[in-house]
1. Please specify each residue of the range 245-271 satisfying the condition of being out of contact with any Leu (no Cβ under 7 Å at 6 or more places or on another chain), buried (at least 19 other Cβ atoms within 10 Å of the Cβ) and more than 17 Å from residue 235 (Cβ to Cβ).
2. Could you list, in sequence order, the residues of the range 345-378 that are in a helix (DSSP H, G or I), surrounded by fewer than 24 Cβ atoms within 10 Å (Cβ to Cβ) and over 15 Å from the mean Cα position of the chain (by Cα)?
3. Would you mention how many residues in the range 285-309 are in a helix (DSSP H, G or I) and touching a residue at least 60 places away in the same chain (Cβ under 8 Å)?
4. Residue 388 is checked against (1) surrounded by fewer than 19 Cβ atoms within 10 Å (Cβ to Cβ); (2) in contact (Cβ under 8 Å) with a residue 12 or more places away in the chain; (3) within 23 Å of residue 257 (Cα to Cα) and fails just one. What number does that condition carry?
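Bear in mind these aren't lab numbers, they're just calculated from the coordinates by the rules spelled out. Note that the coordinates shown come from a computational prediction; the quantities given were computed from them, not determined experimentally. All Cβ positions, glycine included, derive from the backbone under ideal geometry; neighbour counts span all protein chains shown.
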Amino acid sequence: MASPTVFSKKLIILLAVASALGPTAMQILLPAIPVIQDTFSVSNDVAQLTLSLSMLAIALGTLYYGPISDKHGRKPVMLIGLSIAFLGSIACFFADSIQLLILGRFVQAFGGAVGLVLARAMVRDVYEATDAAKVIATLVMVMVVIPMLSPALGGELMAMFGWQSVFSVVAGFSMILFAITFYLLPETLAEPMPFEGFSAMLSTYGLLIKSAVFRSYALCAAFVSVVFFSFIAAAPEIMVSAFGRPPTDYGYYFIMIPLGFMGGNYATRILTKQFSINQLISLGGSIALLGIIGALGSQMLGLNHPLALFAPVAIAVFGNGITLPNAQAAAINEFPQYAGSASGLTGFLQMALSAVAAQAVAWVYNGTAFPLLLLMLCASVLSLGLFQLGIKSQRKTL
């Protein structure tokens, strides 16, 4: 089947939903982490492995799916990933120990990662750089709603049917996506790239990472992700132990976060007509810094209420909603002939660094929001700073 000249709205929504599978499967369990800790009588940092190792699995999946899809096509690889996500969800549902649950979550997340990589690569197959940034912003705006609302759904499912019920929902989600993808999704890869094994794959990644411009955009996107994922890792425990709220409350306050991110994505669609990609990345990074500083200030003033944390973080995420699609599109555009590999490496850096940050938050948690916010501040500074260094390097070569 020939590649489309543009994607219809239905196909963009399909790609967005496929992108959402991995993050949804990861985040829907967040309200249940304190309950899992009690169920299996394990410490908080062990229970946190159900989240951080899921991130690591997504990171590894993004490395795998990109180059494989560059050779074998986007659609068949998408179908394989969805099948793996379904099998991992079933394994989680029947897990009777923390070890089996962690393993099932790893498999589930590895499969769910396929949409994150291939949706961006398929957009780059069809669109040029500027248009790709707009479409990715639209895609991300649609995609982000499902996983960011999933903690509220997970909390309700946990309250009504037990925490295992979330895995039956993810399994059903995977099966429906598989069927729709099989019948509706076209193949967008025009010319397959040769793939001669993992040594060749590593060589391609080496080529990408040697580019100072690619590194600046990819690391900018990666540390934006660290800001978000460190927050979702720590916020459920902060709600319970620091604010004295039940786990289900987290899902409802968390709704502010997707609204902020969607607002940033929508702003990107409007502002691309007036500003360059680099200007938008700088603007988004500056807004994110202001939001995190505001959250730190509210905690220093002793405002011990969820709104004092979630509202300024929503402002920070608004800025990230501007930065992320532009940084992702710019990173992939550096090597359009390796769109799948570039998307995969960018995704790997995002999820690998986020996995480390999520586990680090559990280790340094002291009963307050300060360690989390300081980590978010450092990540935001690194995101903006590394981007600016890369841009200076780019100007020197011109």
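1. If the condition is that a residue be out of contact with any Leu (no Cβ under 7 Å at 6 or more places or on another chain), buried (at least 19 other Cβ atoms within 10 Å of the Cβ) and more than 17 Å from residue 235 (Cβ to Cβ), then 262, 264, 265, 267 are the ones that fit.
2. 359, 360, 362, 363, 364, 370, 371, 374, 375, 377, 378
3. Quick first cut of the range 285-309, residues in a helix (DSSP H, G or I) only: 285-300, 306-309.
Those left that are additionally touching a residue at least 60 places away in the same chain (Cβ under 8 Å): 285-286, 288-289, 292-293, 295-296, 299, 306, 309.
Within the range 285-309, residues that are in a helix (DSSP H, G or I) and touching a residue at least 60 places away in the same chain (Cβ under 8 Å) number 11.
4. (3)
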